[in-house]
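The structure appears right after this line, and notes come after that.
Computed from the coordinates by the stated procedures, all read-outs in this text should not be read as laboratory data. Remember, predicted model here, so these are calculated numbers, not experimental data. Cβ coordinates were reconstructed from backbone atoms using ideal geometry, including for glycine residues, and neighbour counts include every protein chain displayed.
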Amino acid sequence: MKELLKFDNLCLTYGHNTILDHISASISERDFIVLTGPNGGGKTTLLQIIAGLLPPTAGHIVCRPGLTLGYLPQYRGIDRDFPITVGEVVLSGLQNRKRLFASFSRQQEEQVDRVLERLQISQLKERPIKGLSGGQWQRVLLGRAIVSQPDLLLLDEPDTHLDLEGKDFLYNLLREENSRSAVLLVSHDATVSNTTMWEVKDGQLRPVREIV
């Protein structure tokens, strides 16, 4: 598979604390990588650096030209009291696919409808986000991440607030997405099948094993 991005000797320090210490790896098309490690070990930090939200102290990332990302952060940065509907949140995932000040196209609206149907939340499209359950909100934000059909999905603990059935649904859907998108996700569930496992611990990144 063709390489999507490569990072070399990434470092991140806060004061005297080293979060990431000269880590290097690459991600290729259709990779499915689960990132594990202790709380505060640097998993979220690594995703934020790859997403371009946090500059590393040292090192660099080389991306394939035109690489597109879908990102589901751990801390959901939308005020749940904000007067916006489920459909509008998912549609915002296409914001970078339209011209500035232009309206969303009918094709993009239909794209949102298809994602809502796949996530089994079509009935929530016009509902304000206030009052959604944790599991429903998680599906909405996942929809926003996947609606643009990105080359790489960065998902920070997407199984939060999900019961066992919800987790099964999530990972089945991500398997479908993996046919066109590489996946890098943070999870404390180390039993996801057919994945590559990376661990971030003590500032280091190391491959743990492949689970089949």
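Give the residue from Leu119, Leu154, Gly93 lying farthest towards the positive end of the charge dipole for segment 75-186; charges sit on Cβ (+1 for Lys and Arg, -1 for Asp and Glu) and the dipole is referred to the Cα centre.
Positive-most Cα among the choices belongs to Gly93.
Let me have the 222 nm mean residue ellipticity of the chain computed from DSSP H runs of 4+ only, each contributing -39500 (n - 2.57), with the sum over all residues rounded to the nearest 500. Provide the component values of the computation, followed by the final result.
Numbers: 5 runs with 54 residues, N = 212.
Value at 222 nm, helices only, nearest 500: -7500 deg cm²/dmol.
So who's got an amide H within less than 5 Å of the one on Ile84, skipping anything under 5 residues away but keeping other chains? H placed 1.01 Å off N, in plane.
So Ile84 has HN proximity to Ile129, Lys130.
Enter the angle in degrees (range 0 to 90, nearest 10) between the Cα long axis of helix 164-177 and the first principal axis of the Cα atoms of the chain, meaning the one along which they spread out most.
In the chain, helix 164-177 runs at an angle near 80 degrees to the longest axis.
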